[in-house]
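Input: a single structure, listed below in structure tokens.
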Ligand SMILES: O=P(O)(O)OC[C@H]1O[C@](O)(CO)[C@@H](O)[C@@H]1O
């Protein structure tokens, strides 16, 4: 199966470089009063990706050696001919370089995507979602499970990068694969000693729903311990960092009713160790999870179940390749060190584990069903 690259005009990967990134760079330039040299560096990066060759990080970058290790011979070649997964990840590292995120100075540590992430937490939609938790609390357990799992799943649609070029958010449509019964049976079989690792994706609404799900797992005994993995630095626009977890927690605790109670429980769970927050440089690596480093593999191996959120984690799990969509999910994920569940809305070309009737139905819609974000899946490998 071929690795996905970005050099075919009008392909999805190509459109990310040609259409999404110019808008993204402009948004970053507008969001902060960056000095002229930062504007120039951002413009130069965009130019380099569209018509230049991939430059190395400066030799004094703190992670220069790490990126030498992660390189697979792509420096010096065209961005569009390198694997999409590798090049897109490196683009986000180069964005941080352009704004001086790691360099001593006034812009050090300032999240270039912060304004959009924070604005999302103040929207009426988030307010309504928090209030709706009062109703969920009154439902029978199976319905609570369905509601909160689906909120975490569809929360992935709220990715800020994706929304740069996606049509305005329409109604959520169907699940193209749904192994949720298996997800719960794995946890129930291990109860009361289940440990869940949750590899988070986006901040804001998605992280809010993830945290509410985590609270539900802990309060119902479906999990005794949860390890949440977040990014060590801003990445893929709205990916969650430790600072985002705190911001979302504060938002939940400041809401009325059921939400506030969940927020306070989450806060306590973090302090007493029922929830552990972790990060690792590999979460921002341009490689698939087949390259999980030994320390991360060891840290994750006690997991009863690892829940991977989002499109990028899905690409990294199964490999960013032109798989036939009927390829079994279980075959491609057999290597992963723990039982694994993917919760993902479809926002890139990769899709596996679908049945022929589902594919026929999706093709009959005559839409770009792989990339519109209107479809979602829950896939599990025990
Ligand atoms: O936040 P997610 O769900 O990982 O999605 C990231 C998105 O960005 C992309 O990398 C495209 O830019 C897609 O893979 C995906 O649509």
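Bear in mind these aren't lab numbers, they're just calculated from the coordinates by the rules spelled out. Predicted, not measured: the structure shown is a model, and the values here were computed from it. When we count neighbours, we look across all protein chains shown, and the Cβ atoms used for this are built from the backbone with ideal geometry, even at glycine.
Pop the C-beta distance of residue 368 and residue 246 into the FRET formula with R0 = 30 Å and round what comes out to the nearest 0.05. Mind showing how you got there, number by number?
Details: r = 37 Å, r/R0 = 1.22.
Plugging the Cβ-Cβ distance into 1/(1 + (r/R0)^6) gives 0.25.
The angle between the Cα long axis of helix 141-155 and the longest principal axis of the Cα atoms of the chain comes to about 10 degrees, rounded to the nearest 10.
So what is the relative contact order of the stretch 1-136, in percent, for Cα pairs below 8 Å that sit 6 or more residues apart? Could you put the intermediate results ahead of the total?
Working: 98 pairs, mean separation 36.7, N = 136.
Taking the mean separation of contacting Cα pairs over the length of the stretch 1-136, I get 27 percent.
Comparing 151, 137, 303 in a Gaussian network model of the chain (Cα springs below 10 Å), the most mobile by mean-square fluctuation is 137.
Counting other Cβ atoms within 10 Å as a rough exposure proxy, the listed residues 60, 69 run 60, 69 from fewest neighbours to most. Label-to-label distance, residue 125 versus residue 2, with points set 7 angstrom from Cα along the beta-carbon direction: 3.5 nm.
Rounded to 0.05, the FRET efficiency of the residue 40 and residue 146 pair, given R0 = 56 Å and the Cβ-Cβ distance, is 0.65.
Arranged from fewest to most other beta-carbon atoms within 10 Å of their beta carbon, 291, 280 become 291, 280.
Just want to confirm a number: the relative contact order over the chain, from Cα pairs under 8 angstrom separated by 6+ residues, in percent. Don't skip to the end; give the middle numbers.
Details: 605 pairs, mean separation 72.5, N = 382.
Worked out over the chain, it gives 19 percent.
Structure remark: mean-square fluctuation, Gaussian network model of the chain, C-alpha springs under 10 Å; the largest value among 371, 338, 276 belongs to 276.
Available extension along the chain between residue 136 and residue 335 is 68.0 nm, counting 0.36 nm per residue and deducting the alpha carbon span. Can you work out the PRE-style zone for residue 11? Point 7 Å along Cα to Cβ, and I want the residues of the stretch 80-100 with backbone N under 20 Å. Label zone hits: 80-92.
Viscosity 0.890 mPa s, temperature 25 °C: Stokes-Einstein D of the chain from its Kirkwood Cα radius, in µm² per second?
Working: Rh = 21.4 Å.
Taking Rh from Cα pairs, D becomes 115 µm²/s.
Solvent-free Debye calculation, one equal scatterer per alpha-carbon of the stretch 12-110: log10 I(q)/I(0) at 0.10, 0.12, 0.19, 0.25 Å⁻¹ equals -0.26, -0.38, -0.97, -1.48. The C-alpha atoms of the chain define a longest principal axis, and helix 180-190 lies at about 70 degrees to it.
Considering only beta bridges that DSSP places wholly inside the chain, some 30 percent are antiparallel. In a GNM of the chain with a 10 Å cut-off on Cα contacts, which of 265, 225, 40 has the highest mean-square fluctuation? It is 40. Each of 210, 215 was scored by other Cβ atoms within 10 Å of its Cβ. Arranged with the fewest first, they read 215, 210.
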